[in-house]
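Only one structure is covered here, and it is reproduced in the block below.
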Amino acid sequence: MRRTRVLIALAVATATIATGAGTAYATLGKSVTVTVDGSPHTVHTFARTVAGALDGAGVRYDSHDLVVPDGSSTLRRGAQLTVRHARALVLTVDGERRQVWVLADSVGEALDQLGFGRAGAALSASRSRAIPIAGLDLAVRLPHRVTLVADGKTRRLVTVDPTVRAVLAHAGIALAATDRVSVALTSYPTDAETIRVTRVRSKVETERSSVAFSTVRRADRQLSQGTTRTVTAGASGTVTRTYLATYVDGRRTTRKLTATTTTPSRTRVVEYGTKASPTAAPAAHTTRSSAHATSSSGSSYSGGTGGLNWAALAACESGGNLRSVNPSGTYRGLYQFSISTWQALGGSGDPIDASAAEQTARAYLLYQRSGAGQWPACGPDL
């Protein structure tokens, strides 16, 4: 609209010269050329200054516009006056919005004036697009050099993408919901910026451990002494622990126990015989006659074994095995001594290394001291 009024005023001023009355006017005034935004017109004026001539010609301008010569300059005959109106450019550069005034007719010329004419910039309008007097909205994304660090790789690239998220997408770096990025995904990339992607994963892990089964021994008077049979086979149990683990770039950082389940073990049941047999009596007699057993250290033991059924006790406790050891390793030998009890009775070393005679003699000493209650399950067989 401003340019239309200017051109009409210039046309009127020019036409005045062509009238008869204007002959004297032309003789007394000055003829000057006024070029407005590239369009030249001859104007006859009595103004003494450039500003006066432009005002008389209806040319409006403000502080953003270019006027040559300056408006306060003295107007001379034949002067060349140039007015170039500035355009308001609403400029958004990398997300920052501002208004600037440019003395440019096209987007490319305006960007060159503003210092944004570098190659590779992304524009919302072509560089050849004309900027109207009313102004123009223009978005500019400048190229930036960034460094991407992800999945053990470092990449350097130049980008005009509007956001960090777009940079990662164009680089083929997919993000999971649990991943972390060192800068905001919605932010604009900046020069020399390092964008670091940290992979975070959760994983369910399980661990299983075995639970040993126990053994229960019980007497069976229908079985011969020295014989055993397994009534129920033992089976180990299982403890399963479930964890939720967190891995950061492949390295486990946290681990939380979330559940524990147990499959119980099955107790082994073994029956041993207590029924006397023709072959068992001599063995018992031999054991009972060990009044003068000799220990591994050379000491002698005198006295009988009380006429008790030591063979039945041994069969019940250990199945008659000199070197029997219970599953926990605590009780050992024919009569299942603990190491501390064996040593308290004068024994040395491990009871399983002693002879049957010595083990029976020391069992008798224990019986004399504490009675058959030392063998809660098998004592009644004595």
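Couple of notes before you dig in:
- Residue 190 vs. criteria among the polar types (S, T, N, Q), within 21 Å of residue 252 (Cβ to Cβ) and in contact (Cβ under 8 Å) with a residue 24 or more places away in the chain: no
- Single match in 253, 240 (criterion: modelled with pLDDT of 90 or more, in contact with an Asp or Glu (Cβ under 8 Å, 6 or more places away or on another chain), at negative phi and loosely packed, with under 14 Cβ neighbours inside 10 Å): 240
- Of the numbered criteria (1) closer than 22 Å to residue 219 by Cα; (2) at pLDDT 90 or above; (3) surrounded by fewer than 18 Cβ atoms within 10 Å (Cβ to Cβ), the one residue 332 fails is (3).
- Test: residue in region 193-200 that is surrounded by 15 or more Cβ atoms within 10 Å (Cβ to Cβ), among the charged types (D, E, K, R), in contact with a helix residue (DSSP H, G or I) (Cβ under 7 Å, 6 or more places away or on another chain) and not in a strand (DSSP E or B): no
Okay, residues lined up against (1) of a type outside the set (A, V, I, L, M); (2) modelled with pLDDT under 95; (3) in the same structural domain as residue 136 (by TED's automatic domain parsing):
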{"residue": "12", "(1), (2), (3)": "no, yes, no"}
{"residue": "19", "(1), (2), (3)": "yes, yes, no"}
{"residue": "23", "(1), (2), (3)": "yes, yes, no"}
{"residue": "51", "(1), (2), (3)": "no, yes, no"}
{"residue": "65", "(1), (2), (3)": "yes, yes, no"}
{"residue": "94", "(1), (2), (3)": "yes, yes, yes"}
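- With respect to (1) in contact (Cβ under 8 Å) with a residue 60 or more places away in the chain; (2) surrounded by 14 or more Cβ atoms within 10 Å (Cβ to Cβ); (3) not aliphatic (A, V, I, L, M), the lone exception for residue 218 is condition (2).
- Residues in region 216-239 that are among the hydrophobic types (A, V, I, L, M, F, W, C), under 60 Å from the mean Cα position of the chain (by Cα) and part of a strand (DSSP E or B): 216, 231, 235, 239.
Let's see how each residue does on (1) in contact (Cβ under 8 Å) with a residue 24 or more places away in the chain; (2) within 21 Å of residue 215 (Cβ to Cβ); (3) in contact with a Leu (Cβ under 9 Å, 6 or more places away or on another chain):
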| residue | (1), (2), (3) |
| --- | --- |
| 325 | yes, yes, no |
| 329 | no, yes, no |
| 336 | yes, yes, no |
| 341 | yes, yes, yes |
| 347 | yes, no, no |
| 350 | no, yes, no |
| 360 | yes, no, yes |
| 366 | yes, no, yes |
| 372 | no, no, yes |
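Rundown of residues vs (1) in contact with a His (Cβ under 6 Å, 6 or more places away or on another chain); (2) crowded, with 16+ Cβ neighbours inside 10 Å, yes/no style:
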site: 43; (1), (2): no, yes
site: 57; (1), (2): no, yes
site: 61; (1), (2): no, yes
site: 95; (1), (2): no, no
site: 101; (1), (2): yes, yes
site: 107; (1), (2): no, yes
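- Any hit, region 253-264, residues being in a strand (DSSP E or B), closer than 26 Å to residue 328 by Cβ and not hydroxyl-bearing (Ser, Thr, Tyr): no
- Any hit, region 76-90, residues being within 18 Å of residue 134 (Cβ to Cβ) and more than 59 Å from the chain's Cα centre (by Cα): yes
- Residues being β-branched (Val, Ile, Thr) and assigned to a loop (DSSP other than H, G, I, E, B) - total across region 322-361: 1
Here is a yes/no grid of residues against (1) of a type outside the set (D, E, K, R); (2) buried (at least 21 other Cβ atoms within 10 Å of the Cβ); (3) at pLDDT 90 or above:
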position	(1), (2), (3)
292	yes, no, no
318	yes, yes, yes
328	yes, no, no
345	yes, no, yes
350	no, no, yes
359	yes, yes, yes
363	yes, yes, yes
369	no, no, no
372	yes, no, no
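The values are calculated or read from the model by the stated rules, or taken from the named source; none is laboratory data. Predicted, not measured: the structure shown is a model, and the values here were computed from it. As a convention, Cβ positions derive from the backbone with ideal geometry for all residues, glycine included, and neighbour counts pool all protein chains shown.
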